[in-house]
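Structure, as structure tokens:
Rule-based calculations on the coordinates, nothing more; no lab input. These figures come from a predicted structure and were not determined experimentally. Cβ sites come from the backbone with ideal geometry, for glycine too, and all protein chains shown count toward neighbours.
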Amino acid sequence: MTTALIIGDIQRGITGSYPFARQVVPPLTELIPRAREAGALIAFVHFALRGNGADLPPGNALFRAFYEAGDTFHEGSAGTGIALPVTDEDVVVVKRRASAFAGTDLDLVLRAGGVTTVAIAGVATSAMVAATCYDAADRDYRVTVLRDGCADGDVAMHDFFMDAVFPSRGFEVVACADWHGEAR
């Protein structure tokens, strides 16, 4: 296995509360079995804060709002449950910041599996997806972004990242239907 599909923040509290996030569920639901069949590692990364607020950065209004949303983002709550089909072979990682790599063991799991190429999907394009792409590139992974497997509350922002930012950084951008789980 040299390829991993990293899917971030497609969790019940987000898909239930943010309509733009729901649009990625159908293409990802169709893609996941094909990715498994191609031998890609599937890594689901979901966002959760500790219920006691121990990981809440002081003075950060965005994280405070997430924390105050209650069960939507509290670790162990139904809202942080992954909204896609997960199997025992998949890897599930809890993150507490935007990037799927920040403070998690994702890099360790990928390297243990011999992964050199990652395909990244999730929400929001301008937050989790961008942060994870930059982090992956800094760790020397080859990066592909799945255009319709990502979404943002601001469609123009999503398109800007997909059409300008990601290609300018050397990231391949493809539709879920056009990704086959192997490096190109």
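Annotations for the structure displayed:
- Packing around the peptides 161-168, 45-52, taken as the average count of other Cβ atoms within 10 Å per residue, puts them in this order, highest first: 45-52, 161-168.
- Nearest-0.05 FRET efficiency for A54 and A164, computed from C-beta distance (R0 41 Å): 0.60
- Global geometry of the range 93-184, whether rounded, prolate or oblate, following the gyration tensor of its Cα atoms and the 1.5 cut on a/c: oblate
- For the range 89-184, the Cβ-based charge dipole about the Cα centre amounts to some 280 debye (Lys, Arg positive; Asp, Glu negative; other atoms uncharged).
- Leading residue at positive end of dipole, the range 128-184 (Cβ point charges), from V174, G149, F161: V174
- In the chain, the longest principal axis of the Cα atoms and the axis of helix 25-37 are about 50 degrees apart.
- Springs between Cα atoms under 10 Å define the GNM used for the chain, and in it the highest mean-square fluctuation of A43, A131, A69 occurs at A69.
- For the chain: relative contact order, % (alpha-carbon pairs under 8 angstrom, 6 or more apart): 29 percent
- Whether the range 83-136 is rounded, prolate or oblate, judged on the alpha carbon gyration tensor where a/c under 1.5 counts as rounded: oblate
- The charge dipole of the chain, taken about its Cα centre with unit charges on the Cβ atoms of Lys, Arg (+1), Asp and Glu (-1) only, comes to about 200 debye.
- Among G113, G149, G81: highest mean-square fluctuation, GNM of the chain, C-alpha pairs under 10 Å: G113
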